[in-house]
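**Student:** Dropping a structure here in structure tokens format, bear with me for questions.
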Amino acid sequence: MPSSLIETDEMIKMKVTGLTIDPFTNMPIIILKDATETTALPIWIGLIEASSIATELEQIELSRPMTHDLINNMLSELAIRVDRVEINDLSDNTFFAKVCLYSGGRIVELDSRPSDAVAIALRAKAPIFVSKKVIEKSRSLDLKQDIVEESSQKWAEILENLSPEDFGKYKM
């Protein structure tokens, strides 16, 4: 059985270090960082995917599985392992990813949105890799690290002040 990809000249292993909200668009942003936390990659994602990622990061147990939980459960029952996730391209301000599955002695690569790939990787405890070309391209997106950090602090304050009643019918 092959082991997961190790960091190479083309790929960097990264981890999810948090979620934040873009103060201009009010869209969620997932923050990935390398092991030394010197390289960060913010990726704008959808609200549903952010909720799924946050649920897993906070280890919140739900009474019914969310879509990403279902996918992970199906793969597990079929003896298919998530080997790794790769965020492998950035084109026209859109990130691209693939989920690499180990099945039947071979790796199968499936096209994916990065947010779904990350949500699945978190549940499967699979590593997340980012192409160095994606990191280089993202630097030209006019991303401002201070905005991301300020927004992250705002998000933390909002989360700290939430009560179960704030979730309405979606209590956890």
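**Student:** Starting from 0.36 nm per residue, how many nanometres of slack lie between L110 and M27 once their C-alpha separation is accounted for? It would help to have the intermediate numbers written out before the result.
**Tutor:** Details: separation 83, 0.36 × 83 = 29.88 nm, distance 2.57 nm.
Gain on stretching L110 to M27: 27.3 nm.
**Student:** Right, here's the next one. Report, by chain and number, residues whose modeled amide H sits under 5 Å from the one on S103, excluding near sequence neighbours (fewer than 5 apart, same chain).
**Tutor:** Amide H neighbours of S103: V108.
**Student:** Figure the gain on full extension for T17 and Q59 (residue separation times 0.36 nm, minus the Cα-Cα span) and round it to one decimal in nm.
**Tutor:** Details: separation 42, 0.36 × 42 = 15.12 nm, distance 1.44 nm.
Contour length minus Cα-Cα distance gives 13.7 nm.
**Student:** Same structure again: Listed highest first by mean packing, meaning other Cβ atoms within 10 Å per residue, what order do 59-66, 29-36, 112-119, 125-132 come in? Present the calculation step by step, with values, prior to reporting the outcome.
**Tutor:** Values: 59-66: 8.9, 29-36: 17.1, 112-119: 24.6, 125-132: 19.2.
Most protected by this proxy first, the peptides run 112-119, 125-132, 29-36, 59-66.
**Student:** Amide H to amide H under 5 Å from D22: which residues, 5+ apart in sequence or cross-chain, H placed 1.01 Å off N in plane?
**Tutor:** Those qualifying (amide H under 5 Å, at least 5 residues apart or on another chain) are M27, I29.
**Student:** Separate question: If you average the sequence gap of Cα pairs under 8 Å that are 6 or more apart and divide by the length of segment 11-156, what percent do you get for the contact order?
**Tutor:** Values: 245 pairs, mean separation 38.4, N = 146.
Dividing the mean separation by the residue count of segment 11-156 yields 26 percent.
**Student:** Considering amide H positions built from the backbone, and no H for Pro or chain starts, which residues 5 or more places from F129, or on another chain, come under 5 Å of its amide H?
**Tutor:** M14, V85, E86, I87
**Student:** Using θ = phi - 60° and the Karplus curve 6.51 cos²θ - 1.76 cosθ + 1.60, what whole-Hz ³J(HN,Hα) does each residue of segment 23-40 get, with Gly and Pro shown as x?
**Tutor:** x, 8, 10, 6, 8, x, 10, 9, 10, 10, 9, 6, 4, 8, 6, 9, 10, 10
**Student:** Still on this structure, please answer the following. Pop out the ³J(HN,Hα) list for segment 123-128 in order, Karplus 6.51 cos²θ - 1.76 cosθ + 1.60 with θ = phi - 60°, rounded to Hz; leave Gly and Pro as x.
**Tutor:** With coefficients 6.51, -1.76 and 1.60, one gets 5, 8, 6, 9, x, 10 Hz.
**Student:** Full-extension gain between T94 and D9, please, as 0.36 nm times their residue separation minus the C-alpha to C-alpha distance. Could the numbers behind the result be given before it?
**Tutor:** Details: separation 85, 0.36 × 85 = 30.60 nm, distance 2.29 nm.
Length gained, T94 through D9: 28.3 nm.
Read-outs throughout are calculated quantities, based only on the coordinates presented, and are distinct from any laboratory measurement. Nothing here was measured: the structure is a model prediction, and the numbers come from that model. FYI the Cβ positions are ideal-geometry reconstructions off the backbone, even for glycines, and counts take in every protein chain you see.
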